[in-house]
Structures are given as C-alpha cells and as structure tokens.
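J.: Next up is a structure, given as structure tokens.
The values are calculated or read from the model by the stated rules, or taken from the named source; none is laboratory data. Note that this is a predicted model, so its numbers are computed, not measured. As a convention, Cβ positions derive from the backbone with ideal geometry for all residues, glycine included, and neighbour counts pool all protein chains shown.
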Amino acid sequence: MRERDELPVIIIERHAGGLEPFFWGALLGAGVALLLAPRTGAETQAEIRTGARRLRGAAEERVAQARASVFGAVDRTRGSVQERLDSVRDVVQTRTSQAKQALEAGRQAAYDARSELQQRLDRAKRSAYAGRSAGEPASIVFADEVVITEVVDAEPTGRGELD
C-alpha cells in the first residue's frame, strides 16, 4: 500500500481558451513564415498563381473526362434502347400483319363455307321440288343428319330460301 502513496500526483488544469490564443498563434506563425521564407513575396505569389493554374487545368481536364464518359454512356444507352424499340416495333408490325392476314383468311373461309352451304341448299331444294306436285311435303337431307321438311304450294323463287 505504501507504493501507492509514494506515486507522484499529476494535476491537469484546463482553462477556457477563447480567440486570444488563436490570434497570438496566427500572428506568431505569420512572423516565423516571413522570416524563414526562402523566396520573396513576388516569387511566392507567382508560384502560388502557377500552382493554382495547374490545379485549375487538372480540374478542368478531369471534368471534361467525366463529361465525356457520362455522355458516352448516355449515347450507348440511347442506342441500345433505340435498337430494342426498333426490334419490338418490327415484331409488333409482323404480328399485326399476321393477325390481319389470319382475320382475312377466316373471313374468306366463312364466306366460302356460307357460299358452299347455300349452293348445297339450292341443289337440295331443286331436287326436292323436281317430281313432286303442289301441296306435297318436301324433305331435304344433308349428310344424313339434318332433315328439313316443308310443304310448299309454289315453285321456288330462286332466292336460296324455302318459300
């Protein structure tokens, strides 16, 4: 325990600084800088100007490189997007054209089927009316499935319908 009592005691006091020590330090630093400066004021100013110009040139060069890089990336992206749009536009136009052709083919097939059905109906009517007398029922059979029976008092009018 005695060892502890014999240790020296250090007390640190802190005083609130303020601006006064700062100004004294700045003034002292400026004085030392003037005394120890290897060049004259004009030489130092010229060196500072030269360094500032070099720094400005380097900054402008880096800005130009960054700008070129960004514009290059934008142009590449724009080109890629335009290619994709053109590709999609071509696919849409092709599919639209195919759909129109399919629709027209369907319409033509429906028209042809209706025309064929009308012709078959007309032939069936003519055969049913041939050889029967007025007031006698006429039966028309299509492919052994549909039977139309009708009593007709007059000859067909040629409109393709049973009268």
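J.: Looking at this structure, is residue 139 at pLDDT below 90, out of contact with any helix residue (DSSP H, G or I) (no Cβ under 7 Å at 6 or more places or on another chain) and polar (S, T, N, Q)?
T.: Numbers: at pLDDT below 90: yes; out of contact with any helix residue (DSSP H, G or I) (no Cβ under 7 Å at 6 or more places or on another chain): no; polar (S, T, N, Q): yes.
The answer is no for residue 139.
J.: Related question: Just one of the numbered conditions (1) assigned to a helix (DSSP H, G or I); (2) surrounded by fewer than 10 Cβ atoms within 10 Å (Cβ to Cβ) is not true of residue 38; which one?
T.: Result: residue 38 passes all but (1).
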